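A.B. asks: Here it is, the structure in full.
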Amino acid sequence: MSIWQRFRQVLGDGVVAVGAVFDRIGTIFAGDPEERRHMAFSVAMVALSAKMAKADGVVTLDEVRAFRRLVDVPPSQAQHVERLFAMARRDVAGFESYAKKIASLYEPHDPILADLMDGLFDIASADTVIHDAEIDFLAEVARRLGFSDEEFERIKLRHVVPEDGDPYLVLGVARTLGYAELRAHYRRLVAEHHPDRLIAHGVPAEFIAIANHKLAAINVAWDRIERERKPAAEG
């Protein structure tokens, strides 16, 4: 059964609040930790995307299309995703309560929470500009998920750093490191953010585009550092 078919199960027939959907995930999949991780991540992405789309006051077609680009949703299952998206937009509960529910379904500092933030940034950048209201939204979500301000900045830089920005900040390393250490750090990051590793975190395969976007940012930063620092003997 696909993740989207599972949506019908957690949405139920009479559920009208997203908080109740998160509660149902914890109950329905209590005996299946892996499926619970998949469902919690998927519902979180949809619900928070819907709330974020309202952060700048308007839900645009670009934002809706961005979600569909990031996520593989078969047309036959789209109705379940659209129902949850609409539910979150109408829900009187704020995104803060969603973040609290999400955090309760994972261990503190679970790597999948960073994957969730990366996906939300990809949605926010759909119209090529991430608005200040969206940055504020994402920063507050990150805080409620347990990220420090420094950790949030590092995630943000993977998505909003300008072409002439600091690639060392993107990779989270000091400029004082030697070339060999920098290269080893880069290779560790590539291994950590490989699509297979994200799936191991619990990210459903339907969301694997998140990994591709993250790797692209890491590779761009490394290419700039390598051009500046690569020893002549290795050129």
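All of the numbers you see were taken from the coordinates with simple rules; none came from a lab. Worth saying up front: this structure is predicted, and the values here are computed from it rather than measured. Note: ideal-geometry Cβ built from the backbone for every residue, glycine included; neighbour counts use all protein chains shown.
A.B. asks: Relative contact order, percent, of the chain when contacts are C-alpha pairs under 8 Å separated by at least 6 residues?
C.D. replies: Numbers: 240 pairs, mean separation 56.6, N = 235.
Rounded, it is 24 percent for the chain.
A.B. asks: Moving on to the next point. Between Ala200 and Gln79, what is the label-to-label distance in nm when each label sits 7 Å out along the Cα-to-Cβ direction?
C.D. replies: My value for the distance between the label points is 4.0 nm.
A.B. asks: Please work out how much length the chain gains when fully extended from Asp32 to Asp166, using 0.36 nm per residue of separation minus the C-alpha to C-alpha distance, in nm with one decimal. Write down the numbers at each step before the final one.
C.D. replies: On the way: separation 134, 0.36 × 134 = 48.24 nm, distance 4.24 nm.
Answer, rounded to one decimal: 44.0 nm.
A.B. asks: Between Ser104 and Arg229, what is the FRET efficiency for a Förster distance of 45 Å, r being their Cβ-Cβ separation, to the nearest 0.05? Spell out each step's value before the answer.
C.D. replies: On the way: r = 43 Å, r/R0 = 0.97.
Approximately 0.55, to the nearest 0.05.
A.B. asks: Kindly provide the helix-only [θ] at 222 nm of the chain, computed as the sum of -39,500 (n - 2.57) over DSSP H runs of four or more divided by all residues, to the nearest 500 deg cm²/dmol? Intermediate results must be reported in sequence, preceding the final value.
C.D. replies: Details: 13 runs with 160 residues, N = 235.
Result for the chain, helices only: -21500 deg cm²/dmol.
A.B. asks: Explain nothing, just compute: Karplus ³J(HN,Hα) = 6.51 cos²θ - 1.76 cosθ + 1.60, θ = phi - 60°, for every residue of the stretch 3-10 in order, whole Hz, x for Gly and Pro.
C.D. replies: 4, 6, 5, 5, 4, 4, 5, 7
A.B. asks: Now for a different question. Under a plain spin-label model, where a point goes 7 Å from the Cα along Cα-to-Cβ, how far apart in nm are Asp23 and Ala93?
C.D. replies: 0.8
A.B. asks: Another one. Given Leu113, Val170, Pro204, which one lies farthest toward the positive end of the charge dipole of the stretch 3-234, if we put +1 on the Cβ of every Lys and Arg and -1 on the Cβ of every Asp and Glu?
C.D. replies: Pro204
A.B. asks: To the nearest µm²/s, what D does Stokes-Einstein give for the chain at 4 °C and 1.567 mPa s, using the Kirkwood radius over alpha carbon pairs as Rh?
C.D. replies: Working: Rh = 18.6 Å.
Using the Kirkwood radius from Cα pairs, D works out to 70 µm²/s.
A.B. asks: How about Lys54: which lysines have a C-alpha closer than 27 Å to its C-alpha, ignoring those fewer than 8 places off in the same chain?
C.D. replies: Lys100, Lys101, Lys156, Lys214
A.B. asks: Rank the residues Lys101, Lys156, Lys230 as a footprinting-exposure proxy: fewest other Cβ atoms within 10 Å of their Cβ go first. Don't jump to the answer; show the numbers that get you there.
C.D. replies: Values: Lys101 22, Lys156 19, Lys230 13.
Ranked by crowding around the Cβ, least crowded first: Lys230, Lys156, Lys101.
A.B. asks: If the cut-off is a Cα-Cα distance under 13 Å, which aspartates and glutamates reach Lys51, setting aside same-chain residues fewer than 8 apart in sequence?
C.D. replies: Answer for Lys51, where 13 Å is the Cα cut-off: Glu63, Asp91, Glu96, Glu134, Asp136, Glu140, listed by chain and number.
A.B. asks: Nearest 10 degrees is fine. How inclined is helix 111-124 to the longest principal axis of the chain, computing both from alpha carbons?
C.D. replies: 90
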